[in-house]
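Chemist: This is the structure I want to talk about, given as structure tokens.
The values are calculated or read from the model by the stated rules, or taken from the named source; none is laboratory data. As the structure is a computational prediction, the values presented were derived from the model and not from experiment. Please note: Cβ atoms are built from the backbone with ideal geometry, for glycine as well, and neighbour counts cover all protein chains shown.
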Amino acid sequence: MKSASLQIFDDPDALSRSAAGYVARLAEQAVSQRGRFLVALAGGSTPRRLYRLLTGHPFLERIPWQVTHWFWGDERCVPPDDPESNYGQARALLFDHVPAPETNIHRVRGELDPPQAAADYAHTLRRFADPGLPWPRFDLVLLGLGADGHTASLFPGSPPDPGPDTATLAVTATYAGRPAHRVTLTPRVFNDAHHVLFLVSRAEKAAALATTLDGPRDPLRRPAQRIHPSHGQVTYLVDRSAARFFS
Ligand code: 6PG
């Protein structure tokens with residue numbers, strides 16, 4: 001994982017401010033180069049501060065809301081108004097407070113049967129596909145890291161590469177009492193992104209972060225190692241507690 005860049009911040013606030021800066025800068029860049037900004041959001045607790053920050057100055061003015069399209073890297077299979085919904089969290093913290101057109105929000109329909117939700121989401125992605133691909137090259141993918149090394153809903157033991165044309169998967173996994181049925185993008189979709197930004201905070205992630213970045217390559221047991229964009233960049237924004245094995 002030599003190509004990943006690691007940036008360490010004093011606390012989750014500083015980490016989130018930096019992440020918001022990335023979102024704004026990458027948005028400006030993507031719009032000037034490609035006329036639109038395609039983002040895949042993460043679930044979990046770590047991005048909450050970031051989502052709140054995007055609703056205020058200066059990010060509210062800097063994000064080109066009309067040409068920004070919002071997707072998710074993974075979703076829990078629950079209805080959109082369930083407190084465990086990744087979409088629901090982003091709606092409450094972000095979309096309810098900004099001028100994002102409803103037609104630019106492309107959620108995973110977690111209320112469907114998981115395989116059906118996965119197929120429906122793959123269909124959505126196809127509408128934004130880049131030439132020669134069944135999915136878009138995301139301008140920015142936000143990801144979290146689990147204490148067990150998972151990222152999005154790519155969990156230890158799951159097949160590291162489910163095949164060349166598979167954009168989405170329905171998976172089942174137990175983690176921290178969260179909903180077990182999920183839909184996730186596959187590593188190939190993540191690895192076609194222009195930029196992947198991991199947000200990692202809290203001491204419970206320290207060992208997983210160290211083994212992901214510096215441990216032997218073992219993508220079967222360390223799913224975050226599956227993420228290494230072929231032509232894009234991967235950046236880890238990490239707070240001091242999560243970075244305690246790095247100087
Ligand atoms: C989810 C996720 C998941 C998350 C990590 C980290 O839907 O649960 O997208 O991959 O990012 O579990 O979660 P925390 O930020 O809460 O530690």
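Residues checked against (1) part of a helix (DSSP H, G or I); (2) among the small types (G, A, S); (3) modelled with pLDDT under 95:
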position: H57; (1), (2), (3): no, no, no
position: P80; (1), (2), (3): no, no, no
position: Q89; (1), (2), (3): yes, no, no
position: A92; (1), (2), (3): yes, yes, no
position: R107; (1), (2), (3): no, no, no
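Chemist: Filter the range 158-168 for residues that are out of contact with any helix residue (DSSP H, G or I) (no Cβ under 6 Å at 6 or more places or on another chain) and either more than 18 Å from G144 (Cα to Cα) or charged (D, E, K, R) (or both) and give the result.
Modeler: Result: P159, D161, P162, G163, P164, D165, T166.
Chemist: Pairs, please: C-beta under 6 Å, at least 6 apart or cross-chain, first residue touching a residue at least 60 places away in the same chain (Cβ under 8 Å) and in the range 44-56, second part of a loop (DSSP other than H, G, I, E, B)?
Modeler: G44/G144; T46/G144; T46/S201
Chemist: Taking the options A117, A129, name whichever one is in contact (Cβ under 8 Å) with a residue 24 or more places away in the chain and among the small types (G, A, S).
Modeler: None of the other options fit; the residue is A117.
Chemist: Applying the selection to the range 201-247, what residues are modelled with pLDDT of 95 or more and among the polar types (S, T, N, Q)?
Modeler: S201, T211, T212, Q225, Q233, T235, S241
Chemist: Still on this structure, please answer the following. Could you say whether any residue in the range 6-18 is out of contact with any helix residue (DSSP H, G or I) (no Cβ under 8 Å at 6 or more places or on another chain), closer than 30 Å to G215 by Cβ, surrounded by 15 or more Cβ atoms within 10 Å (Cβ to Cβ) and among the β-branched types (V, I, T)?
Modeler: yes
Chemist: Sticking with this one: Any idea which of G157, G110, G144 is in contact (Cβ under 8 Å) with a residue 60 or more places away in the chain and more than 15 Å from L185 (Cα to Cα)?
Modeler: One residue alone meets the criteria, G157.
Chemist: Okay, moving on. Just to be sure before I move on: is A19 in contact with a Leu (Cβ under 7 Å, 6 or more places away or on another chain) and touching a residue at least 40 places away in the same chain (Cβ under 8 Å) in the structure I sent?
Modeler: Considered against the rule, which asks whether it is in contact with a Leu (Cβ under 7 Å, 6 or more places away or on another chain) and touching a residue at least 40 places away in the same chain (Cβ under 8 Å), A19 comes out as yes.
Every residue, every condition in (1) near the ligand (Cβ under 8 Å from one of its atoms); (2) within 20 Å of C77 (Cα to Cα); (3) of a type in the set (K, R), yes or no:
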| residue | (1), (2), (3) |
| --- | --- |
| L142 | no, yes, no |
| D148 | no, no, no |
| S153 | yes, yes, no |
| P160 | no, no, no |
| T166 | no, yes, no |
| H181 | no, yes, no |
| P187 | no, yes, no |
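Chemist: Identify, by number, the condition in (1) touching a Pro at 6+ places or on another chain (Cβ under 6 Å); (2) within 30 Å of A24 (Cβ to Cβ) that H181 doesn't meet.
Modeler: (2)
Chemist: To continue, here is another question. If you go through the range 52-92, how many residues are touching a strand residue (DSSP E or B) at 6+ places or on another chain (Cβ under 9 Å) and farther than 17 Å from A152 by Cβ?
Modeler: Of the residues in that region, 7 qualify.
Chemist: Quick check on the range 72-107: of everything there that is among the β-branched types (V, I, T) and closer than 27 Å to E61 by Cα, which residue is surrounded by the most Cβ atoms within 10 Å (Cβ to Cβ)? I'd like the intermediate steps shown before the answer.
Modeler: Within the range 72-107, the subset among the β-branched types (V, I, T) is 78, 98, 103, 105.
Cutting the leftovers down to closer than 27 Å to E61 by Cα gives us 98, 103, 105.
Working: V98: 15, T103: 7, I105: 18.
So, considering only residues that are among the β-branched types (V, I, T) and closer than 27 Å to E61 by Cα, the one surrounded by the most Cβ atoms within 10 Å (Cβ to Cβ) is I105.
Chemist: Related question: Listed residues Y22, Y51; which is assigned to a helix (DSSP H, G or I), surrounded by 15 or more Cβ atoms within 10 Å (Cβ to Cβ), within 15 Å of the ligand (Cβ to nearest atom) and under 14 Å from the mean Cα position of the chain (by Cα)?
Modeler: Result: Y51 is the single residue among Y22, Y51 that is assigned to a helix (DSSP H, G or I), surrounded by 15 or more Cβ atoms within 10 Å (Cβ to Cβ), within 15 Å of the ligand (Cβ to nearest atom) and under 14 Å from the mean Cα position of the chain (by Cα).
Chemist: Of all residues in the range 193-238, how many are without any contact (Cβ under 8 Å) to a residue 12 or more places away in the chain and buried (at least 18 other Cβ atoms within 10 Å of the Cβ)?
Modeler: So the count comes out to 0.
Chemist: Follow-up. Across the range 203-228, what is the number of residues that are touching a Pro at 6+ places or on another chain (Cβ under 7 Å) and assigned to a helix (DSSP H, G or I)?
Modeler: 3
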